[in-house]
1. Run through every distinct alpha carbon pair of segment 63-180 and return the Kirkwood hydrodynamic radius in angstroms, one decimal place.
2. Convert 20 °C to kelvin, take the viscosity as 1.002 mPa s, use the Kirkwood radius over C-alpha pairs of segment 1-150 as Rh, and evaluate the Stokes-Einstein diffusion coefficient in µm²/s, rounded to a whole number.
3. Using 0.36 nm per residue of separation minus the Cα-Cα distance, give me the extension gain between residue 29 and residue 10 in nm, one decimal.
4. Determine the shape class of segment 49-131: with a ≥ b ≥ c the square roots of the Cα gyration tensor eigenvalues, call it rounded for a/c under 1.5, and otherwise prolate if a/b is greater than b/c, oblate otherwise.
5. Full extension from residue 149 to residue 82: what is 0.36 nm times the residue separation minus their Cα-Cα distance, to one decimal in nm?
6. Taking the number of other C-beta atoms within 10 Å as the exposure measure, put 88, 139 in order starting with the fewest.
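Readers should treat all values here as calculations from the given coordinates under stated rules, not as data from a laboratory. A quick note: this is a predicted structure, and the numbers were derived from the prediction, not measured. Here Cβ is always computed from backbone atoms with ideal geometry, including for glycine, and neighbour counts include all displayed protein chains.
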Amino acid sequence: MPNQEYMDKMQHRQSYRNLWHTDLMRTMQNDPPYCCLSFWCGPCVSYMLRRRALYNDMSRYTCCAGYMPCSGRCGESRCPEFCLATEVFLCFGNSVASTRFLLQDEFNIQTTQCDNCIIGFMFCLQQVACIFSIVAMIVGSDEISEASQILSCLADIVYCTVCACMQTQHKIEMDKRDGKFGQPMAVPPAQQMSRLDQPYPPTAGYPPTAGYPPPAYGQSYYPPNPQAQGYPPQASGYPPAGYPPAGYPQK
């Protein structure tokens, strides 16, 4: 896919109008046990969340959810479980980000400025720590070397903390999707799960009214009766063909 299409897709995400059920600052308050689990067992949680994001149907799995150049070229169709395990352990950061993009594109979820600042701070701190490590290695100063070690340790703690909060945010969002806060959502067709090489997804759970304000955190944006909320009827093409007649499949 041309680079311009990737840029167009990333720019299109900025127009999403739904919000995460909870922001990063409130994840520890809303689900502290899962946040602790995500901090200490991040790769295992990433594995479970990706499976859940794919509705436990590993035939939908693509490496890094189709967002990386290697996606679809790693033998996922032959052994998706092994490929996913390799992804979450060797490319942990990409696995968390891929699940995040998957959910954002499926439900048209935007990231707030506060969340963007937290994620940006994490990346900037990692870059500063890397620069200090390079300078310490070139100069050979004990003071700079000690400062670089402190910065690297701080960057690692912030990275693990932010990733844990992000994974808890994803888990809470899928709790909402699966009906723990209301009616469950229907399972999308397989072709809707790979976003960068597919048309833009339909607006999920948001009335198509220009200028309509986004819902506040915790407010339901997946209404049980879409016809009453201004959604187009099914005959007009929403939801897309291929959705099952019932909601989320029974276990």
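1. Values: mean 1/r = 0.0605 Å⁻¹.
Every distinct Cα pair counted, the radius reaches 16.5 Å.
2. Numbers: Rh = 17.8 Å.
The estimated diffusion coefficient comes to 121 µm²/s.
3. Working: separation 19, 0.36 × 19 = 6.84 nm, distance 3.03 nm.
Result for the pair: 3.8 nm of gain on full extension.
4. Values: a/c = 2.75, a/b = 1.51, b/c = 1.82.
Taking the square roots of the gyration eigenvalues as a ≥ b ≥ c, segment 49-131 is oblate.
5. Details: separation 67, 0.36 × 67 = 24.12 nm, distance 3.46 nm.
That pair, residue 149 and residue 82, stretches by 20.7 nm at full extension.
6. Working: 88 23, 139 11.
Final ranking by Cβ density, sparse to dense: 139, 88.
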